[in-house]
Amino acid sequence: YSPSLFKKLRAGQSFNRRLLVKQMAKRMRLLVEDGMLLHVGESVEDIFLSIQSIHTMGAQQVRVMTYVPPKINGICRQKKHHLDEEIVIAILRYIFPDRLIPASLDVEGIAGLTSRLMAGANVISSIVPPRSGLNGVSQTTLDIEDGKRSVENVKRVLKELGLRAAKQDFYKAWLYNTRTVGMHELKIRKAEWLM
């Protein structure tokens with residue numbers, strides 16, 4: 001939600017068009033994901049502006065991911081604050097108690113899953129089975145061929161934490177309720193975010 005950072009990260013793309021497409025998707029009753037990328041030169045104020053904008057958008061899945069610089073032609077990581085991904089996940093969980101918040105295996109692989117779940121993530125994304133010919137997005141090969149990003153390995157981590165994967169029927173019910181009933185809108189003041 002910082003037009004200047006967006007311009008730097010998404011060369012040739014329009015910030016306003018991207019925002020308009022999300023708003024149109026919401027009006028068409030599609031489920032929307034919204035989020036932010038950390039350590040690309042954002043300030044704490046940028047993070048809270050993003051959270052406020054995500055709240056206004058009313059996204060059903062909210063996300064934060066740490067920037068992983070590509071090996072070639074990427075911008076350098078720029079950390080201007082003390083907030084890490086897990087802290088922002090915890091903030092998102094507090095503000096959005098009924099939303100889906102992903103823990104992506106694309107940033108630190110299986111090694112980073114526990115801390116993200118303990119911070120409040122309730123969805124695991126970027127599961128990639130070995131020998132499938134598929135790649136990750138920011139970490140294209142991390143933990144894939146050795147099977148660490150497989151469903152079975154993710155379930156093992158969940159079990160170690162005393163958690164379990166939701167059944168497909170639970171997710172279908174969540175989708176149905178979210179689309180038909182609508183989501184509970186929280187009235188959060190900015191001052192409450194800074195506690």
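Does Thr178 count as part of a helix (DSSP H, G or I), hydroxyl-bearing (Ser, Thr, Tyr) and either surrounded by 15 or more Cβ atoms within 10 Å (Cβ to Cβ) or modelled with pLDDT under 95 (or both)? Show your work before the answer.
Details: part of a helix (DSSP H, G or I): yes; hydroxyl-bearing (Ser, Thr, Tyr): yes; either surrounded by 15 or more Cβ atoms within 10 Å (Cβ to Cβ) or modelled with pLDDT under 95 (or both): yes.
Taking the combined requirement at face value, the residue satisfies it.
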Taking first residues from region 40-66 that are over 11 Å from Lys80 (Cα atoms) and second residues anywhere that are aliphatic (A, V, I, L, M) and in a strand (DSSP E or B), the pairs with Cβ under 6 Å that are 6 or more apart or on different chains are Ser50/Met36; Ile54/Val62; Gln61/Leu100; Val64/Met36; Met65/Leu37; Thr66/Leu38
Which of the residues belonging to region 17-51 are open to solvent by less than 40 Å² (accessible area, probe 1.4 Å) and in contact with a strand residue (DSSP E or B) (Cβ under 7 Å, 6 or more places away or on another chain)? Asp34, Gly35, Met36, Leu38, His39, Val40, Gly41, Ile47, Ser50
Please go through region 89-145 and pick out each residue that is open to solvent by 10 Å² or more (accessible area, probe 1.4 Å) and of a type in the set (Lys, Arg). Arg93, Arg131
Qualifying positions in region 76-88 - of a type outside the set (D, E, K, R), within 14 Å of the chain's Cα centre (by Cα) and open to solvent by 40 Å² or more (accessible area, probe 1.4 Å): Ile87
Inside region 61-171, counting only strands (runs of 3 or more DSSP E) that do not spill past its ends, which hold 3 or more residues that are closer than 20 Å to Tyr1 by Cβ and at pLDDT 85 or above? 61-66
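The values are calculated or read from the model by the stated rules, or taken from the named source; none is laboratory data. Source: prediction; values computed, not measured. Methodologically, a virtual Cβ is constructed for each residue, glycine included, from the backbone with ideal geometry; neighbour enumeration extends over all protein chains shown. For the accessible areas, the whole protein counts, side chains as well, though only heavy atoms, and no ligand, DNA or RNA atoms are used. Shrake-Rupley method; radii C 1.70, N 1.55, O 1.52, S 1.80 Å.
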